[in-house]
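Engineer: After the structure tokens below, expect a handful of questions from me.
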Amino acid sequence: MPDLLLELRSEEIPARMQRKAAGDLKKLVTDALVEAGLTYEGAREYWTPRRLVLDIRGLTARSADQREERKGPRTDAPEGAIAGFLRGAGLSSISEAQVVNDPKKGDFYVAVISKPGRPAEEIIADVMPGIIRNFPWPKSMRWGAASMPKGARFAGIDGKGPESLRWVRPLQSIVCVFGPEHEETQVIPFEIDGLVAGNVTYGHRFHAPDAITVRRFDDYVTSLEKAKVMLDADRRKDVILHDARDLAFANGLELVEDEGLLEEVSGLVEWPHVLMGEFEQDYLEIPSEIIRLTIKTNQKCFVTKPQSGEGLSNRFILISNIEAKDGGKEIMHGNGKVVRARLSDAKHFWTRDQGNMPDLDTLKDSAAKFDLDLKKPLDQRMAKLDALNVTFHAKLGTQGERVARIRALAQELAKVTGADPALVDRAAVLAKADLRTEAVGEFPELQGLMGRKYATLQGEDASVAAAIEDHWKPNGPSDRLPEDKVGLTVALADKLDTLVGFWAIDEKPTGSKDPYALRRAALGVVRILLERKVRLPLNSVLRVAMLPVEDIKPFVTDVSKDVCVTDLLSFFHDRLKVYLRDMGARHDIIDAVLTFGADDLLLVARRVEALTAFITSEDGKNLLAGTKRAVQLLAAEEKKGTVVADGVSQQLLKLDAEKALWAAVVVASKEASEAVAREDFRSAMEALSKLRVPVDKFFEDVLVNDEDTAIRANRLALLKAIREATATVADFSKISG
């Protein structure tokens, strides 16, 4: 069976777009071929900075013939109906249709439409131009004559012409060859904007600029390799990583690995060559995070560190696309000059952030508002943040107003978490101050971390400094939690204020869209509460958090506020379910425990944990089996509208089995309630499991639907009492098994 090789060669494709673009090309082409009636054995995509490549193996040489029978109108139908049938079926005359008899409906026309299969070459040539023209680049461009104003383009007398090709960068050539593995291949020469697909490509721009004739994928890869192009991106990554490790080790250093940077640099080179640059030791006085980001962001280079000891070294790893004759000396020298210039800027930011601001007199009101000490650099930055009225969100006020809300909420939360109120207050006030530092202005990903460093330099308590960094955490499911109670308290206040604010202005996540990362914030709250074992009554806390938000965005009515709190609590429930399922909890057990208004998430998690352990034990199986039948029977009768007594009347208990069951229910309910009050859920379940024997005996000896309506209602009330007793622990009707 024949194979297909497609290469789209262009100017340099942005590294961040390459992997997805290659995947899109594979999906678009294979989907189009399958839809046209072809099949294939396998397909794999490849990419370099200058090309997207698709290798499809075992493609059928021709699509199958198709035969379709299309039923038409009766033979005595109006002429208009018959004419419409002929047009739809593509027939020129009714004589081309067949007449079929239906014993019930009479004679009617049937069109037999035969579609002969098409050669794969024809299908490929047909689908490719549309795929390339409509390729889903995040950003694309026109170039050359096509980029000129429409009236200025040379496209005929009226200046109009077909829509010109848009591509991420100028498209330079197309290779499209097709044929069996061991026979001669052929070019499928479709055309786009003057580019005709052929069998010629080019290697490395500098090392091997000559044309390469391509026959099939295997010799294509070999030819590119000789022409200094490594086609497989994962292989380029592997080469870069291992060569970088080896070069660092040879110099007594260790590579600081970065998967994101590795992915990016593998998309910047076709023939990777690893070199080592150097900068002055003096720059190591700058925090290592700033050095690393400066070198990574501006030069796409890796940093190194000593094999023993902390901090970074003054050597960095760069990846060249050229195997230089001088061993890379000029390349290393040039990169070193740029790195030194960037580090000089970074050192300037670092130094400036520790100095006084020039306009301290204008910051006194803000300083008084937040109890700030204008002798301290970080306090000055917080005062400046407030004085400038920097917007947090158009509908939620300024950053200063937000800090005031977080500060007030953090004081309330400190009563629950047990954190030192004075330290919490100081941390909340300084938490956003580094947003006005030059280091964070240059590298926003350092917010929090730089605040911690500047706080430490100005002599803040260690817990306050840590909380400034930690109030952003956890920043994802695998990120670490705040270090202590102070950071934990401010982190909760920050996240809860964010959630309450965006709920108040109805900017909630929808579908896959979550521009303000509210799911991440809610999951962060869930993780803090469960992993740090914090008992927080969310219902009341959310209402407290809403009070200052109402000054900015008043609720229309108290009802709308209640709806907002209920909806936000439900959102927390959804995040809790995701978290618990990721921890291995069964969805039915979570649903059995999680009630509508449950606002103590730690208590819910403990119930889930206890029920999970208990339900697999012998007592747990007894509890489940012994109560499910009673609860299901009661639910069925309630659905029918059968009368259920308000309570159990002992006078109406006639049989020994029902008397014994009632006595057992009374005891089990009391023991379970007391255990739940102690939050000893396993003991509560063990108490309820004792109902198994009397329940079984009840169903053996007692007919619930007695002819006497009063007795029937009383027996149903007895089943209702079982349901109420077990509900103190969980809704067992939701548990499978």
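Engineer: Determine the gain in length on full extension of the stretch Glu674-Thr709; use 0.36 nm per residue of separation and subtract their C-alpha separation, reporting nm with one decimal.
Structural biologist: In short, 9.2 nm is gained.
Engineer: Taking amide H positions as placed 1.01 Å from N in the peptide plane, with prolines and chain starts having none, which residues 5 or more places from His393, or on another chain, fall under 5 Å of its amide H?
Structural biologist: none
Engineer: Can you give the extra length, in nm with one decimal, that the chain gains between Leu603 and Glu412 once fully stretched, where that is 0.36 nm per residue apart less the Cα-Cα distance?
Structural biologist: Computed gain between Leu603 and Glu412 is 66.7 nm.
Engineer: Pairs of lysines 8 or more apart, or on different chains, with alpha carbons under 19 Å: count those in region 402-503, would you?
Structural biologist: Summing the qualifying lysine pairs gives 10.
Engineer: Can you pull the percent of the chain's accessible area that's carbon plus sulfur, 1.4 Å probe, other chains left in place?
Structural biologist: 51 percent
Engineer: Pull up all non-local amide H partners of Gln172: gap of 5 or more, or a different chain, and H-to-H distance under 5 Å with H placed in the peptide plane.
Structural biologist: Sorted by chain and number, the residues that satisfy this are Arg9, Ser10, Glu11.
Engineer: Consider all pairwise Cα distances in region 311-421 and report the whole-number % of them above 21 Å.
Structural biologist: 62 percent
Engineer: For a quick protection proxy, order the peptides 588-600, 262-274, 481-493, 319-331 by their average other-Cβ count within 10 Å, most packed first.
Structural biologist: 481-493, 262-274, 588-600, 319-331
Engineer: For region 500-658: lysine pairs with Cα atoms under 19 Å, gap of 8 or more or different chains, count?
Structural biologist: 7
Engineer: Also, quick follow-up: Can you find, among Pro377, Ile590, Asn622, the residue sitting farthest towards the positive end of the charge dipole of the chain, where Lys and Arg contribute +1 and Asp and Glu -1 at Cβ?
Structural biologist: Final value for the positive-end residue is Pro377.
Engineer: Quick one: accessible surface of Thr351, probe radius 1.4 Å, all protein chains present, in square angstrom to the nearest 10.
Structural biologist: Approximately 80 Å² for this residue.
Engineer: For every other residue with a beta carbon closer than 13 angstrom to the beta carbon of Arg682, add +1 if it is Lys or Arg and -1 if Asp or Glu, then tell me the sum.
Structural biologist: -3
Engineer: Turning to a different aspect of this structure: Which cross-chain or sequence-distant (5 or more) residues have an amide H under 5 Å from the amide H of Arg62, H modelled 1.01 Å from N in plane?
Structural biologist: It is Ala120, by chain and number.
Engineer: Here is a follow-up. Sort 107-114, 8-15 for me by packing, meaning the mean count of neighbouring Cβ atoms within 10 Å per residue, highest on top.
Structural biologist: Packing proxy ranking, top to bottom: 8-15, 107-114.
Engineer: Report the label-to-label distance for Arg543 and Gln299 in nanometres (one decimal), using points 7 Å from each Cα along the Cα→Cβ vector.
Structural biologist: 5.9 nm
Engineer: Right, another one. Considering the options Ala730, Val704, Leu719, tell which one lies farthest towards the positive end of the dipole of region 691-731, charges being +1 on Lys and Arg and -1 on Asp and Glu at the Cβ, about the Cα centre.
Structural biologist: Of Ala730, Val704, Leu719, it is Ala730.
Engineer: What accessible area per residue comes out for the chain, rounded to a whole number of Å², with a 1.4 Å probe?
Structural biologist: Per-residue accessible area for the chain comes out at 48 Å².
Engineer: What net charge do the residues around Ala387 carry, taking every other residue with its C-beta under 14 Å from that of Ala387, with Lys and Arg at +1 and Asp and Glu at -1?
Structural biologist: 0
Engineer: Among Ala522, Thr75, Met1, whose Cα lies farthest out toward the positive end of the dipole of the chain, if unit charges sit on the beta carbon of Lys, Arg (+1) and Asp, Glu (-1)?
Structural biologist: Thr75
Engineer: Work out Dmax and Rg for region 602-737 from the C-alpha atoms and quote the Rg first, both in angstrom.
Structural biologist: Looking at region 602-737, its Cα Rg and Dmax stand at 14.8, 48 Å.
Engineer: A further question follows. So if I take the centroid of the Cα atoms in region 687-737 and the same for region 210-236, what is the distance between those two points in Å?
Structural biologist: Computed from Cα coordinates, the inter-centre distance equals 75 Å.
Engineer: Relative contact order for the chain: what is it in percent, counting Cα pairs under 8 Å that are at least 6 residues apart?
Structural biologist: Computed value for the chain: 7 percent relative contact order.
Engineer: Further question: Net charge within 11 Å of Thr728 by Cβ-Cβ distance, Lys/Arg positive one each and Asp/Glu negative one each, not counting Thr728 itself?
Structural biologist: -1
Engineer: About its Cα centre, how strong a charge dipole does region 219-365 have in debye, to the nearest 20, once Lys and Arg get +1 and Asp and Glu get -1 at the Cβ?
Structural biologist: That gives a dipole near 400 debye.
Engineer: Taking the Cα centre of the chain as origin and charging only Cβ (+1 Lys, Arg; -1 Asp, Glu), how large is the dipole, in debye to the nearest 20?
Structural biologist: That gives a dipole near 740 debye.
Engineer: In whole Hz and in residue order, list the ³J(HN,Hα) couplings for region 310-326 that follow from phi through the Karplus curve 6.51 cos²θ - 1.76 cosθ + 1.60, θ = phi - 60°; x for Gly and Pro.
Structural biologist: Calculated HN-Hα couplings, in order: 9, x, 9, 9, 9, 10, 9, 9, 10, 10, 9, 9, 10, 8, 6, 5, 8 Hz.
Engineer: Between Thr566 and Lys325, what length comes free when the chain is fully extended (0.36 nm per residue of separation minus the Cα-Cα distance, one decimal in nm)?
Structural biologist: Length difference between fully extended and current span is 79.8 nm.
Engineer: Report the calculated FRET efficiency for Ala211 and Gln66 (r = Cβ-Cβ distance, R0 = 30 Å), to the nearest 0.05.
Structural biologist: So the FRET efficiency works out to roughly 0.10.
Engineer: Another one. Could you list the square roots of 5 times each eigenvalue of the Cα gyration tensor of the chain, that is, the equivalent ellipsoid semi-axes, sorted largest first and rounded to whole Å?
Structural biologist: 58, 50, 26
Engineer: I want to check the label-to-label distance for Ser92 and His348. Put each point 7 Å from Cα in the C-beta direction and report it in nm to one decimal.
Structural biologist: The answer from the label model is 8.1 nm.
Engineer: If you average the sequence gap of Cα pairs under 8 Å that are 6 or more apart and divide by the length of region 236-351, what percent do you get for the contact order?
Structural biologist: With pairs under 8 Å counted, the relative contact order is 32 percent.
Engineer: Applying 1/(1 + (r/R0)^6) with R0 = 41 Å to the Cβ-Cβ distance of Lys369 and Lys513, what FRET efficiency is obtained, to the nearest 0.05?
Structural biologist: In this case the efficiency is close to 0.70.
Engineer: Here's a follow-up. Which value, in debye to the nearest 20, gives the size of the charge dipole of region 582-622 about its Cα centre, when Lys and Arg are +1 and Asp and Glu are -1 at the Cβ?
Structural biologist: Value, rounded to 20: 60 debye.
Engineer: Below 28 Å, Cα to Cα, which lysines can Lys104 reach? Residues fewer than 8 away in the same chain don't count.
Structural biologist: Reachable lysines: Lys71.
The values are calculated or read from the model by the stated rules, or taken from the named source; none is laboratory data. Every value quoted in this text rests on a predicted model; they were computed, and no experiment measured them. No Cβ is skipped: glycine too gets one built from the backbone with ideal geometry, and neighbour counts run over all protein chains shown. Side chains are part of the model used for accessible areas, which takes the heavy atoms of the whole protein and leaves out ligands, DNA and RNA. Shrake-Rupley method; radii C 1.70, N 1.55, O 1.52, S 1.80 Å.
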